[in-house]
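Heads up: the structure comes next, in structure tokens.
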Amino acid sequence: MHEIARNKFLQKWYFRNSFHISLFVLGVSPLLFLAMGLLNKELALLNEPVDSRISPIAIGDIGAKVEVHNGQHLKSTCTINKLDKMYVCGFRYHFANDVTESIDFTDYSSLTINLSVTGPNNNGSVRLQLTSFNDSYASKENVDTQKYQGVTLDNSVTPFAYNIPLVNFEVESWWLYRYNIGMRDSLAELDKVTGFVIVHNGFSAPGEYRISVNELMLEGRYLSVITAICVLLIFTFIIVVLLIARHRYMLKSQIELDVLTGVLNRSGMNSFLKRQLRRKRKRNTFGVIFIDIDDFKKVNDTYGHDFGDEILMTFGAHCKQFINSCLPPDSVSKLVRVSGDEFVVIVRTTDKSLIELLCRTLCESFESGLLTSIGNFSINISVGGAFGWPDEDGIDTLLKQADKAMYIAKQNGKNQWRVYGKNTS
């Protein structure tokens, strides 16, 4: 029994909170995807390198050659005959045959290079430079005029894979001085990268040095961590707002709804009437129907209050469903429990005959009784109706008239209906 109750509670809790749970999962999912690497993106820059796009760089008494090795790697060989601190050796590679064709690196956050350096010793400096083309400072005929943005690599242990944040690339000072670059073009420009340069200098011994670039990969994310956090915060804010709105609605429901039957109570009726009276229409007329269950005290005394509560709940559901099925689409109605076994129906309508019809058919609808836990249970009701315009006190006058009509129906033998002003004399 406890297990069934617990399962029902969990099902009810999940149903009430499923929307908020879904929003929370949507908000958290970007961070989870980031942690799992599902939002990562990559771009291989050495996918089938071409010999015609690679050229050696040699400054000083150096023999240099460069080639595409095994159709996948870029390999540079530098032969140092004598030492000079100004000697530089390496190679340049363009991503396209047209030296002005570029790749936008700004969609990525880092660059990974898999590099190996061999030689008489591991001393010396290896520098990776990205070249960018812009008509304002570069010439298509002279590739040296392209902007050089570099970073020094640690080649103490080779081979190595080095992940470099793109923000670490800085414009080479020698390029700024050589071409007299102004302040406007002195910043790194990674949205128009045409290729890269690998240079090796600071040799400590003569001999043959080899540089092999095995991989060059751009890495990034479709969604940054900051953006993912912002998404989470937005969804969290939405959830909080919805929870507050739901909490306010539940508080309002507790104040305005009858706990037992789920229909409006007196407070809810007053709120409904205020909203309706604020809406100006050509004919601001209302119908009020008072319903009382005949001899309900005998039901409580005979069958107990639990069964009496069941009768009230079933009665409220029956009345609500019946009234909604009888009213035209342009009518507005509410069912209210005003006391123990007394209910009121408020209908905004311009048709007085509709109120008479409801009074009559409501009585007739209970001729077959109510379906309860002990079977079909016979009950009778007395009904009183009133129709008219609200006064300065709202519809208090109509409520009193409908109540009076209902008591006349009781005095005349119960299980019948009356409408104030027509058959209440």
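Scanning the stretch 346-367 for residues that are among the charged types (D, E, K, R) and farther than 16 Å from F322 by Cα turns up R348, D351, K352. Every test in (1) closer than 25 Å to K75 by Cα; (2) in contact with a Phe, Trp or Tyr (Cβ under 6 Å, 6 or more places away or on another chain) is passed by L115 save one, and that test is (2). Count of the stretch 68-81 residues, restricted to those that are out of contact with any Gly (no Cβ under 9 Å at 6 or more places or on another chain) and modelled with pLDDT of 80 or more, is 2. Tallying residues that are charged (D, E, K, R), touching a Phe, Trp or Tyr at 6+ places or on another chain (Cβ under 6 Å) and either surrounded by 20 or more Cβ atoms within 10 Å (Cβ to Cβ) or free of Cβ contacts under 8 Å to residues at least 60 places away in the same chain (or both) within the stretch 400-410 yields 0. Here is the figure for the stretch 239-261: residues that are of a type in the set (A, V, I, L, M, F, W, C), assigned to a helix (DSSP H, G or I) and touching a helix residue (DSSP H, G or I) at 6+ places or on another chain (Cβ under 9 Å) total 4. Only a single item in (1) in contact with a strand residue (DSSP E or B) (Cβ under 8 Å, 6 or more places away or on another chain); (2) closer than 24 Å to M86 by Cα is not met by N180, and it is number (1). The number of residues in the stretch 337-374 being surrounded by 15 or more Cβ atoms within 10 Å (Cβ to Cβ), among the hydrophobic types (A, V, I, L, M, F, W, C) and closer than 16 Å to M406 by Cα comes to 10. Among the residues of the stretch 242-280, those that are free of Cβ contacts under 8 Å to residues at least 12 places away in the same chain and closer than 22 Å to G308 by Cβ comprise L257, V259. Under the condition of being surrounded by 14 or more Cβ atoms within 10 Å (Cβ to Cβ), of a type outside the set (V, I, T), in contact with a Leu (Cβ under 8 Å, 6 or more places away or on another chain) and not in a loop (DSSP other than H, G, I, E, B), the residues counted in the stretch 300-336 number 12. The single condition from (1) within 27 Å of I255 (Cβ to Cβ); (2) of a type outside the set (V, I, T); (3) not in a loop (DSSP other than H, G, I, E, B) that S339 fails is (3).
The residue that is surrounded by the most Cβ atoms within 10 Å (Cβ to Cβ), among those in the stretch 375-399 that are part of a strand (DSSP E or B), within 50 Å of the chain's Cα centre (by Cα) and touching a residue at least 60 places away in the same chain (Cβ under 8 Å), is F387.
The values are calculated or read from the model by the stated rules, or taken from the named source; none is laboratory data. Just so you know, these numbers come straight off a predicted model, no measurement behind them. As a convention, Cβ positions derive from the backbone with ideal geometry for all residues, glycine included, and neighbour counts pool all protein chains shown.
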